[in-house]
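The values are calculated or read from the model by the stated rules, or taken from the named source; none is laboratory data. Since we're looking at a predicted model, the values are computed, not measured. Because the Cβ atoms are built from the backbone with ideal geometry, glycine has one as well, and the counts that use them run over all protein chains shown. With ligands, DNA and RNA removed, areas are computed over all heavy atoms of the protein, side chains included. Shrake-Rupley method; radii C 1.70, N 1.55, O 1.52, S 1.80 Å.
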Amino acid sequence: MKKLLLLLVVVLFSSCSIKFSGASIPAEMKTANVLFFENNATLVVPNMSTNFTETLKNMIRNQTRLNITTNDPDAVFSGSITNFDIRPATIVDANNSGVGNTSPLNRLTIRVTVKYTNNLNPKMSFEEPIERYVDYATAGGNATQLEADNIKKVMDLITTDIFNRAFANW
């Protein structure tokens, strides 16, 4: 009975792919490259391109066994930031007079066009826009810090979407 159980465990864990944090990466895939995501949005936030590119690299480094390389990679991520926008998410008439309208919430939206090239299995490659947003309160805080914190939140959401689309068949 123990031999049968051991055999079952071996068979279950010796599949053709290796899984990490929900990701399913073929065993033969060893390397990836993340090219610089240029910021082509109308509104440009300094360092957003660098931060986004590094966030995606770090996710791949920390959640997979893949090595980041520029030499003949098995997978390549490229693209650009195509939209950055902050708009009021709600409007409140502070005194019901129709004057002095304020927005207690802002919506920060970022769109990235990403191209994933799987050099081992081209059918798994894709190119598509990914857009995410967060709503945040505008009162009671440092506006610059609120914006920076929420940019990071949205970039984390987008990199997770890219990662899942490439490696978790999302």
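See the values below:
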read-out: Scan of region 50-75 for residues that are in a helix (DSSP H, G or I) and exposed (fewer than 14 other Cβ atoms within 10 Å of the Cβ), ordered by number; value: THR50, ASN58, ASN62
read-out: Candidate set from region 34-49 (those that are part of a loop (DSSP other than H, G, I, E, B) and of a type in the set (A, V, I, L, M)); member that is nearest to SER125 (Cα to Cα); value: LEU35
read-out: Count of region 136-170 residues which are at pLDDT 95 or above and open to solvent by 70 Å² or more (accessible area, probe 1.4 Å); value: 2
read-out: Flag for LYS19 being surrounded by 11 or more Cβ atoms within 10 Å (Cβ to Cβ), modelled with pLDDT under 95 and not in a loop (DSSP other than H, G, I, E, B); value: yes
read-out: Test: residue in region 78-90 that is surrounded by fewer than 11 Cβ atoms within 10 Å (Cβ to Cβ), closer than 20 Å to ASP156 by Cβ and at pLDDT 65 or above; value: no
read-out: Residue match in region 44-64 (condition: modelled with pLDDT of 95 or more, more than 16 Å from THR109 (Cα to Cα) and of a type in the set (Gly, Ala, Ser)); value: no
